[in-house]
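This report concerns only the one structure given below.
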Amino acid sequence: MQRGLASLYLGRNAHAAESLSAGLAEMPPEVGQSEWIAWYVVRLAAAHARAGDPEQACSVAAQAALITRQTESSRLRAQLDRLLAQLSARWPTLPAVADLDELMR
């Protein structure tokens, strides 16, 4: 997952998405709903968005939104709000973005 973050920071968004997805898939189920895992899920959603795949970004962000609701994390909520703003600005008419917005209300 650290390679995925490094790729994201370097603008290698498709590689970031691959690495983060692979790392998250290796996590044991008992940590899957934790705040620290959700932070990586938000980064994965951002990688998809930056790679030009808004539908996948919204799908992944929705997973993070559910974890955020369960953990009541204001930090994760702020990160998701920023991501939603970016998605809304770039793809304002995309139904997946509207669905994510509704989920986060």
**Message:** For segment 86-98, check the following and say yes or no: at least one residue is open to solvent by less than 60 Å² (accessible area, probe 1.4 Å) and not in a helix (DSSP H, G or I).
**Reply:** yes
**Request:** Would you please name the residue that is nearest to Asp81 (Cα to Cα), looking only at residues in segment 1-24 that are open to solvent by 40 Å² or more (accessible area, probe 1.4 Å) and among the polar types (S, T, N, Q)?
**Result:** Ser21
**Item:** segment 28-66 - residue that is of a type in the set (Val, Ile, Thr) and at pLDDT below 95 and, of those, nearest to Ala16 (Cα to Cα)
**Value:** Ile37
**Message:** When you scan segment 25-34, do you find a residue that is surrounded by fewer than 17 Cβ atoms within 10 Å (Cβ to Cβ) and touching a residue at least 24 places away in the same chain (Cβ under 8 Å), even just one?
**Reply:** yes
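The values are calculated or read from the model by the stated rules, or taken from the named source; none is laboratory data. Bear in mind the structure is a predicted one, so any value in this text is a computation, not a measurement. Here the Cβ is made from the backbone with ideal geometry for all residues, glycine too, and neighbour counts use every protein chain on show. We work out accessible area using only protein heavy atoms, side chains counted, and drop any ligands, DNA or RNA first. Shrake-Rupley method; radii C 1.70, N 1.55, O 1.52, S 1.80 Å.
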